[in-house]
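S.K.: Have a look at this one before I ask anything.
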Amino acid sequence: MMEFKGKGVCSAIAIGHARVIKKQAPSVQKREIIDTEGEILRYLRAKDKATRALRDIHARALVEVGEANAQIFEIHLMMLDDEDYTDSVFSIIRNQKVNAEWAISVTCSNFAELMSTMNDSYMRERASDIRDISSRLISCLTGEGGAQESGEKCIICADDLTPSETVTLDKKTVLAFLCAHGSSSSHSAILARSMGIPAIIGLGDEFLESVTDGALMLVNGYTGEVVIEPNDEQIKRYEALLADDINKKELLKNLKGKDTITLDGTRISLYANIGGTHDIAEALFCDAEGIGLFRSEFLYLNRDDFPSEDEQFASYKKVLESMGEKRVIIRTLDIGADKQASYFDIPREENPALGFRAIRICLARPELFKTQLRALYRASAFGNLGIMFPMITSIHEVERALDICAEVKYELDTKGIAYSKSVEIGIMIETPASAIISDSLAPLVDFFSVGTNDLTQYTLACDRQNGLLDDFCDTHHEAVLRLIELSAKNAHKSGAWIGICGELASDISLTERFLKMGIDELSVSPSYILKVRDAIRKIDLSK
């Protein structure tokens, strides 16, 4: 019997037998090539094959984890078409007269090394993506690489899993996945949470050296504990935990249709975060009372040009019509940082997270902003719309955005185009600046929505994508919580309401504190709605 402790990234209990995946990188040998143009053609065929495979994975990801979480595969598709990467491969093949596998391997090594040494979190994250797509290309050329599932129920044990490996896991056979390495904010961890697969990361190299195929394992995704070849007493205890876990999840289903209201009668709005129209059905199925965050930037990704006003209007109209009278909050364009679209022609930045992004792009390019706002206001005639501006840091930004809204409404009035006169306007509180001056911002808007992911990152100066900072990036840090509380106090003082749409909204260990701060709305991934509703219904704010 051996016990290991990692970090749980999806809370659930599992009992099963190990399936150890020790991935072997495709073998690459340097070979001299005479027909370099033929070798380039061979590379292009492999690239086409990799592109088709990624499109299939992206389609599956849309169904499994929604548009927001499927974005990583759009990034991989764009990286396959990156001119610098392709030019490097072509140059090495032609100048060194070597095989495509070797050219890819050298290009991957060079690009990944450059990116991994950068200070910017976005570029460091892209280093692992470069390795992922390079490995895929080499596998397409050699026919090697890639681990296959056995088809039997098992607990996957691996060094780490790439996003594509995670999203293609068969939920019917995979009881859990355990990784020696990885970060709780990695793409794979986020995908695991969305798919509801028990997952633990950071178990260490000794774990992978100790586990063998077929070994009986106990997994506690709540505590991050793993037991290999347990004794009878441990098995009995985990069987009770598993039965209790299944029972709790069945009880949660009984909360469908129930009010989200505390024991003392305080009603809380419980909404869903979605990345596009693909996610509407899941939000409705999970009993969302509205949409607290519709990420409109996904209309702009994985394409070669800006979406037209009519194209955007159709998407916004669909979500508003589908939600009926329920409130739908659509965040305006939040391109930048880790969400890039080449046709925006944004110069490469040393630190995109602190650069030209979100509302800054919209205010610097007002015609782009107006196109989106016209589509939003036109769609408002078909439902209950709220418009939210991201990445606010100053009063001037809000005033300028409101001026542009007024210009758009005047244009629509002049043309006799119908729109709702009761569209709510809100801003995201995701920078310390916006929280600190929330007393001045609140009178300008109808609501605040706290983006806790970025608020934590900017407040603590911790890159949340960097696994080395997991011990330092305290999401419960008092500074972050006080900024949220200050924003809630100032919102209510001016008659505005306030919600939370970041990941902390689904952290039920903080739910009571949030409600005591005066938070009016929580917006979470659809799969967390019933869990959070259960927590809210057990809270008594009168005590």
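The values are calculated or read from the model by the stated rules, or taken from the named source; none is laboratory data. The structure presented is a predicted model; accordingly, all values stated were derived computationally and were not measured. Every residue, glycine among them, receives a Cβ derived from its backbone with ideal geometry; neighbour counts consider all protein chains shown. With ligands, DNA and RNA removed, areas are computed over all heavy atoms of the protein, side chains included. Shrake-Rupley method; radii C 1.70, N 1.55, O 1.52, S 1.80 Å.
S.K.: Identify the chymotrypsin sites (Phe, Trp or Tyr not before Pro) of segment 375-473 meeting these criteria: DSSP loop state and at most 13 other C-beta atoms within 10 Å of the C-beta.
M.R.: Answer by residue number: Phe472.
S.K.: Straight-line reach from Lys97: which lysines have a Cα under 29 Å away, not including same-chain ones fewer than 8 places off?
M.R.: Straight-line reach from Lys97, under 29 Å: Lys30, Lys47, Lys49.
S.K.: Report the Cα centroid-to-centroid distance between segment 352-404 and segment 1-55 in angstrom, as an integer.
M.R.: Measuring centre to centre over Cα atoms gives 40 Å.
S.K.: So, one more: Would you please classify the overall shape of the chain from the alpha carbon gyration tensor, given that a ≥ b ≥ c denote the square roots of the eigenvalues, rounded means a/c under 1.5, and beyond that prolate means a/b larger than b/c while oblate covers the rest? Could the numbers behind the result be given before it?
M.R.: Working: a/c = 1.95, a/b = 1.19, b/c = 1.64.
Since a/c reaches 1.5 but b/c is at least a/b, the shape of the chain is classed as oblate.
S.K.: Something else about it: Would you please put 73-79, 173-179, 263-269, 157-163 in order of how densely packed they are, using the mean number of other Cβ atoms within 10 angstrom per residue and starting with the highest?
M.R.: 173-179, 157-163, 73-79, 263-269
S.K.: Follow-up. For His492 paired with Lys516, estimate the spin-label separation in nm (one decimal), with each label point 7 Å from Cα along the Cα-to-Cβ line.
M.R.: Going by the 7 Å Cα→Cβ label model, 1.3 nm.
S.K.: To continue, here is another question. Which of the aspartates and glutamates could be linked to Lys22 by a straight reach, that is with a Cα gap under 15 Å, when you skip same-chain ones fewer than 8 residues away?
M.R.: Counting by Cα, and skipping residues close in sequence, Lys22 has these aspartates and glutamates nearby: Glu144, Glu149, Asp159, Asp160, Glu165, Asp205, Glu206, Glu209, Asp213.
S.K.: Same structure again: For an R0 of 30 angstrom, estimate the FRET efficiency from the Cβ-Cβ distance between Ile395 and His476 and round to the nearest 0.05.
M.R.: Values: r = 30 Å, r/R0 = 1.00.
So the FRET efficiency works out to roughly 0.50.
S.K.: By accessible area of protein heavy atoms, probe 1.4 Å, what ranking do Val423, Val532 get, highest first? Write out the running numbers ahead of the final one.
M.R.: Numbers: Val423 20, Val532 0 Å².
Ranked list, largest accessible area first: Val423, Val532.
S.K.: Also: Would you kindly state how much longer the chain becomes between Asn453 and Glu152 on full extension, computed as 0.36 nm times their sequence separation minus their alpha carbon distance, in nm to one decimal? Don't skip to the answer; put the middle values down first.
M.R.: Details: separation 301, 0.36 × 301 = 108.36 nm, distance 3.72 nm.
This chain segment gains 104.6 nm when fully extended.
S.K.: What are the trypsin sites (Lys or Arg not before Pro) within segment 368-453 that DSSP puts in a loop, where the Cβ has at most 15 other Cβ atoms within 10 Å? Please report the intermediate quantities before stating the final value.
M.R.: Numbers: sites: Lys370, Arg374, Arg378, Arg400, Lys409, Lys415, Lys421; in loops: Lys421.
Filter output for segment 368-453: Lys421.
S.K.: Suppose all protein chains stay in the model; what accessible area per residue would a 1.4 Å probe give for the chain, in Å²?
M.R.: On the way: 23720 Å² over 543 residues.
Per-residue value: 44 Å².
S.K.: Also, I was wondering about something else. Within the chain, which cysteines find no other Cys whose Cβ is under 4.7 angstrom from their own?
M.R.: Singleton cysteines: Cys10, Cys108, Cys140, Cys154, Cys157, Cys179, Cys286, Cys362, Cys405, Cys501.
S.K.: Cα centroids of segment 263-329 and segment 89-119: how far apart, whole angstrom?
M.R.: With segment 263-329 and segment 89-119 each reduced to a Cα centre, they are spaced 41 Å.
S.K.: Which percent of the accessible area of the chain is formed by carbon and sulfur heavy atoms (probe 1.4 angstrom)? Let's see the in-between values first.
M.R.: Details: 11650 of 23720 Å².
Accessible surface attributable to carbon and sulfur in the chain totals 49 percent.
S.K.: A further question follows. Anything over 21 Å Cα to Cα? Flag those among Lys317/Lys370; Lys370/Lys489; Lys249/Lys326; Lys171/Lys236; Lys493/Lys516; Lys370/Lys409, in the order listed. Show your work: numbers first, answer last.
M.R.: Working: Lys317/Lys370 17 Å; Lys370/Lys489 32 Å; Lys249/Lys326 26 Å; Lys171/Lys236 25 Å; Lys493/Lys516 15 Å; Lys370/Lys409 10 Å.
Over 21 Å apart, Cα to Cα: Lys370/Lys489; Lys249/Lys326; Lys171/Lys236.
S.K.: Once you have a ≥ b ≥ c as the square roots of the Cα gyration tensor eigenvalues for segment 202-318, tell me rounded if a/c is under 1.5, and otherwise prolate or oblate according to whether a/b is larger than b/c.
M.R.: Values: a/c = 3.69, a/b = 1.60, b/c = 2.30.
Oblate, since a/c reaches 1.5 and b/c is not below a/b.
S.K.: Sticking with this one: How many percent of all Cα-Cα pairs in segment 409-457 sit more than 18 Å apart?
M.R.: On the way: 556 of 1176 pairs.
Roughly 47 percent, rounded to a whole number.
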